[in-house]
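Trainee: Can you keep this structure in mind? I'll have questions shortly.
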């Protein structure tokens, strides 16, 4: 077994909860992929596409070893997705998706994903240059002018006070 495969399995165990639930959500939605999705692997008839790979790479992010770059990084995540699919299929065979605990986790993760999606959209749309400039202009307009002093000499009665003022 390759080093990347062993690492992928370790990563699979660490991140299985959220990603497996996301995969189950996708499968419960019919497992539909876009017409342009390229199949990268099949696990017992279930396709893993380039879209799945992209989503997993975004989701796993910092959990992927930093030393992996380019194709090695993609291979690592694809190995993870293959292992994940095997675990998901076992969980489905054991009917774990029908348990109350799973329903609670699924509802929580769905709400969390909705919140993250909305906040991401709001942040993306709110932080434009025009919005930042408008906020600055409004704050500057409401700012009252203050008197500015430009002192060249400060006179104090003793040399000790002058040194203390520095």
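Trainee: Determine, yes or no, whether residue 81 is at pLDDT below 95 and either touching a helix residue (DSSP H, G or I) at 6+ places or on another chain (Cβ under 9 Å) or farther than 23 Å from residue 41 by Cβ (or both).
Mentor: no
Trainee: For region 139-166, name all the residues that are exposed (fewer than 10 other Cβ atoms within 10 Å of the Cβ) and assigned to a helix (DSSP H, G or I).
Mentor: Passing the criteria: 139, 140, 141, 142, 159, 160, 163, 164, 165.
Trainee: Filter region 54-74 for residues that are in a helix (DSSP H, G or I) and crowded, with 16+ Cβ neighbours inside 10 Å and give the result.
Mentor: Across region 54-74, the qualifying residues are 55, 56, 57, 60, 73, 74.
Trainee: Continuing with this model, one more query. With the requirement that a residue be surrounded by 11 or more Cβ atoms within 10 Å (Cβ to Cβ) and assigned to a helix (DSSP H, G or I), what does region 85-105 give you?
Mentor: Those that are surrounded by 11 or more Cβ atoms within 10 Å (Cβ to Cβ) and assigned to a helix (DSSP H, G or I): 85, 86, 87, 88, 89, 91, 92, 96, 97, 102, 103, 105.
Trainee: Would you mind finding the one in 108, 136 that is part of a helix (DSSP H, G or I), without any contact (Cβ under 8 Å) to a residue 24 or more places away in the chain and within 23 Å of the chain's Cα centre (by Cα)?
Mentor: Exactly one residue qualifies, and that residue is 108.
The values are calculated or read from the model by the stated rules, or taken from the named source; none is laboratory data. Only a predicted model underlies this, so the values are computations on that prediction, with no experimental measurement involved. Counting neighbours? That spans all protein chains shown, and the Cβs are built from the backbone with ideal geometry, glycine included.
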